[in-house]
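Note sheet for the following structure.
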Amino acid sequence: MTDRDELEDDMAALHSLPAWGTDDLPEPLPYTLRNVFRTIGPGAILLAGSIGGGEWLAGPAAAVQYGTGVFWIATVAIILQCLFNLEGIRYTLYTGEPIMTGIMRLRPGSRVWGTFYSVLAIAQLGVPALSAGCATVLFASVAGRMPGAPDAGVELMITYGVILGSVLLLLFGGTIERMLEWASWAMIVFIFGFLLVVNVWFVPAEHWFHTFSGFFQFGTIPADANWMLLAALAATAGSGGIGNLGISNWVRDKGMGMGGKVGAIASAFGSQEVKLSHVGKVFPLTPDNLRRWGLWWKYVAADQIWLWALGCFVGMFLNINLATAVIPTGTSLQGYGAGAFQAQYLAQHLWSGFWFLGLMNGFWILFSTHLGNTDILVRTLTDIVWVGSSRVRQSKTIRISQIYYAILFVLTVFGMLAVSQSTTMPLFTLIATFAGLLLSIAAIQVLIVNTTLLPAALQPSWWRKAALVACAVFYAMTTGMVIWTKLQEFGAG
């Protein structure tokens, strides 16, 4: 028996999931700039989903309260999350399975890890906090003022409309990944175009340098630090938690690497029959397959480093640069976020139309994240059921799209009931805390997956392994500080 045969037997016996099939790695397109834009896309979805809470809520709130010197936290977070994403994608390129399936192959088995991550995913994203933020800016853009207590009922109705609007979008597009990719590119162009124009037009050059330097003042922590806020910044400067795990699902559905051999989740309308295998396929380590592996990695690097990571940094920078230029130091941004202040200031000092444009920019920032969060929560739970349930695996009639939309319906009802119970910022900081906890655990599990289930030739280098450990430590520390602060507050109370 070969080492490969022993590995497959061990996986099937110990971890309750079927062994992989075998096939050749698909040939990627020749690596040209045109083909880069044809091939990448998951990074655009994740970027659109990453640019919301951190840039609109946590980032400006931290900048106005503490100055830009704390934004080394964002720099570290984006770098560590980028390396985390790449390692999750490594597994998917080799097997066609999302990294969550790889984690479910670890001891003590798929049922334990599937349940564990389902609970964390719902805790992080089950309440659609940013839909309430969308409602606030939509109300303000039409009414010409920020909403007050008497407007709570109207805000809630708009929130419900935002939630249902995202569900409607997820019904169309051939595959859900394809629809999200189109929508994400459109929102990214609007958001970054607006931010770049107003920054160039309004913010002095010396302020740009001051903001930029703050992203590299490593180790700066204010004495009166609000750890809930800084932990939220650390988690949401990039994607945070489930989003980082979910990037490999979109890579699979895009057909990158061995994802091209397993299928995708089809949308309810506008699609031909698209099937998704319950189990992945791996490729033999032939010279041709290894050559293709190298080409796929070049596309993945473009998608994650030059699109997602750089986009996260630029998006955070532009929002912070504008916020600190127009918002007085010490202003509380715990309610509506920076966009309301920016829109009001720009309307007063430059052009009245900036009230509407600034708020609509904020809407697209928040809505893009809400839409991405909705899909990744439903997608994560769907894949856990699709792969982890032997009953589903053995069924000849159940399609994964049926599971996806059933879960979407249940979570939509739950979200509409839950979102009315609190305001945006408290919900958002709670989400960020769970995101940090998830990253601290998942980073170690991704390391175990890639060093035990992948052949030696495809395993990460030593410094990539060290980066996963650093990611786990970084988020364990930020989450730990939040828990310690809350325990102190509880004791004092």
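Does Lys281 meet the test of being modelled with pLDDT of 95 or more and over 20 Å from Pro30 (Cβ atoms)?
Yes: the conditions hold for Lys281.
I need the helices (runs of 4 or more DSSP H) fully contained in the stretch 192-300, keeping only those with at least 3 residues that are without any contact (Cβ under 8 Å) to a residue 40 or more places away in the chain.
205-214
Just one of (1) in a helix (DSSP H, G or I); (2) surrounded by 14 or more Cβ atoms within 10 Å (Cβ to Cβ); (3) touching a residue at least 60 places away in the same chain (Cβ under 8 Å) trips up Ala457, so point out which.
(2)
Of the residues Trp386, Trp308, only one is closer than 30 Å to Gly88 by Cβ, modelled with pLDDT of 80 or more and over 18 Å from the mean Cα position of the chain (by Cα); which?
Residue meeting the stated conditions: Trp386.
Take the stretch 110-141 and flag every residue that is among the β-branched types (Val, Ile, Thr) and outside any helix (DSSP H, G or I).
Val127
Any residue in the stretch 46-61 that is surrounded by 21 or more Cβ atoms within 10 Å (Cβ to Cβ), on the phi > 0 side of the Ramachandran plot and not in a helix (DSSP H, G or I)?
no
Which residue out of Ile158, Ile188 is surrounded by 18 or more Cβ atoms within 10 Å (Cβ to Cβ), under 30 Å from Tyr475 (Cβ atoms), in contact (Cβ under 8 Å) with a residue 24 or more places away in the chain and not basic (Lys, Arg)?
Ile188
Out of Gln394, Gln402, I need the residue that is at pLDDT 85 or above and of a type outside the set (Ser, Thr, Tyr). Which one?
Gln402
Can you tell me which residue within the stretch 95-150, out of those that are surrounded by fewer than 24 Cβ atoms within 10 Å (Cβ to Cβ) and on the phi > 0 side of the Ramachandran plot, is modelled with the lowest pLDDT?
My answer is Gly144.
Exactly one condition in (1) farther than 30 Å from Ala132 by Cα; (2) touching a Cys at 6+ places or on another chain (Cβ under 9 Å); (3) at pLDDT below 95 is false for Leu7; which is it?
(2)
Going residue by residue through the stretch 68-90, is there one that turns out to be of a type in the set (Lys, Arg) and either surrounded by fewer than 24 Cβ atoms within 10 Å (Cβ to Cβ) or over 28 Å from Gly257 (Cα atoms) (or both)?
no
Among the candidates Val200, Val189, single out the residue that is modelled with pLDDT of 90 or more, hydrophobic (A, V, I, L, M, F, W, C) and within 18 Å of Ala323 (Cα to Cα).
From the options Val200, Val189, the qualifying one is Val200.
For the stretch 460-486, give me each residue that is without any contact (Cβ under 8 Å) to a residue 40 or more places away in the chain, of a type outside the set (Gly, Ala, Ser) and outside any helix (DSSP H, G or I).
none
State whether one or more residues within the stretch 86-102 are within 14 Å of the chain's Cα centre (by Cα), of a type outside the set (Gly, Ala, Ser) and within 30 Å of Gln217 (Cα to Cα).
Yes - at least one qualifying residue is present in the stretch 86-102.
Here is a check on your reading of the model: is Gly315 modelled with pLDDT of 90 or more and buried (at least 22 other Cβ atoms within 10 Å of the Cβ)? Let's see the steps before the verdict.
Details: modelled with pLDDT of 90 or more: yes; buried (at least 22 other Cβ atoms within 10 Å of the Cβ): yes.
Judged against the criteria, Gly315 is a match.
The values are calculated or read from the model by the stated rules, or taken from the named source; none is laboratory data. This is a predicted model, so every value here is computed, not measured. Backbone-built Cβ (ideal geometry, glycine too); neighbour counts: all protein chains shown.
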